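Here the structure is laid out as structure tokens; the discussion comes afterwards.
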Amino acid sequence: MEARVAVAKVGKYGTAESGDSFEMIERPAGGLSFVLADGQTSGKSAKAISHAVTRKAISLLADGVRDGPAARAASDYLCTYRSGQVLSTLNILSIDLQSQTMVITRNNPVPVILIHEGTVRALADPSEPVGTRRGIRPSITEIPLAPGLASVIFTDGLTHAGDRVGTPMDPIGFLRALLAEGPVNPRLGGPPSRPRCDARQGSSGRRHQHPGRRHSATRRG
């Protein structure tokens with residue numbers, strides 16, 4: 001099996017520190033897990049919130065805890081740690097070699113985009129962020145691993161992109177147009193015929209390929 005992973009981060013205007021945190025871990029029974037969190041507000045305080053959530057989830061996943069219980073425990077931890085006064089979104093994506101599935105765990109109103117058997121669809125079941133109360137449950141989707149299976153996970157910065165100038169971004173429409181050109185290679189940011197994507201165009205952000213960098217992520221398994 002080959003899994004291709006790409007991570008990109010674009011800076012927010014007027015904010016030196018991003019409120020997003022991204023981490024990855026090898027699963028004890030085989031496979032990989034990726035955790036993306038976005039803390040409430042922005043700046044250093046938001047970063048502290050998202051870091052606390054990802055750190056808790058990653059530590060539990062490393063101990064062999066399943067994704068759903070790890071997400072619930074991370075939510076309860078944040079609720080206790082900050083007395084239910086702050087929230088964070090949380091996404092966990094796992095390539096589980098034991099079950100031979102891709103597991104997508106959402107505590108995030110923002111959808112996850114799934115590319116499967118040539119179709120693009122949004123996983124958009126109602127889902128609430130973590131931290132405001134105990135017992136918050138995630139939305140979990142499990143798909144058998146197959147060639148060409150891909151998912152795109154991102155924070156709300158992407159859904160709000162372009163709002164101020166009246167041209168909001170349509171992530172699903174963008175991906176459908178991209179796929180119409182050919183198979184997507186996450187390392188290149190598009191089909192083989194398309195030049196390398198560079199997030200520096202029109203922004204102060206940077207594009208990264210190392211999995212330790214933080215923000216929106218594209219996964220293939």
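Readers should treat all values here as calculations from the given coordinates under stated rules, not as data from a laboratory. Just so you know, these numbers come straight off a predicted model, no measurement behind them. FYI the Cβ positions are ideal-geometry reconstructions off the backbone, even for glycines, and counts take in every protein chain you see.
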Requested in this report: Would you please give the FRET efficiency between Asp156 and Leu97, computed as 1/(1 + (r/R0)^6) with r the Cβ-Cβ distance and R0 = 45 Å, to the nearest 0.05?
Outcome: 0.90
Report summary line: Here the gain from full extension of Ala180 to Ala29, 0.36 nm per residue of separation minus their alpha-carbon distance, amounts to 50.7 nm
Query raised in the report: Stretched out fully, how many nm does the piece from Ala122 to Ala48 gain, at 0.36 nm a residue minus the Cα gap?
Result: 23.7 nm
Query raised in the report: If you plug each phi of segment 71-79 into the Karplus form 6.51 cos²θ - 1.76 cosθ + 1.60 with θ = phi - 60°, what whole-Hz ³J(HN,Hα) values come out, in order, with x for Gly and Pro?
Result: 5, 5, 5, 5, 5, 4, 4, 5, 4
Query - Long-range HN-HN contacts of Lys9 with modeled amide H, under 5 Å - result: Arg206, His208
Query raised in the report: How do 168-180, 70-82 rank on mean C-beta neighbours within 10 Å, highest first?
Result: 70-82, 168-180
Report task. Would you calculate the separation in nanometres between label points at Ala146 and Ser59, each defined as 7 Å from the Cα along the Cα-to-beta-carbon direction? Result -> 3.9 nm
Query raised in the report: Ranked by Cβ crowding within 10 angstrom, fewest neighbours first, how are Asp67, Asp20, Asp125 ordered?
Result: Asp125, Asp67, Asp20
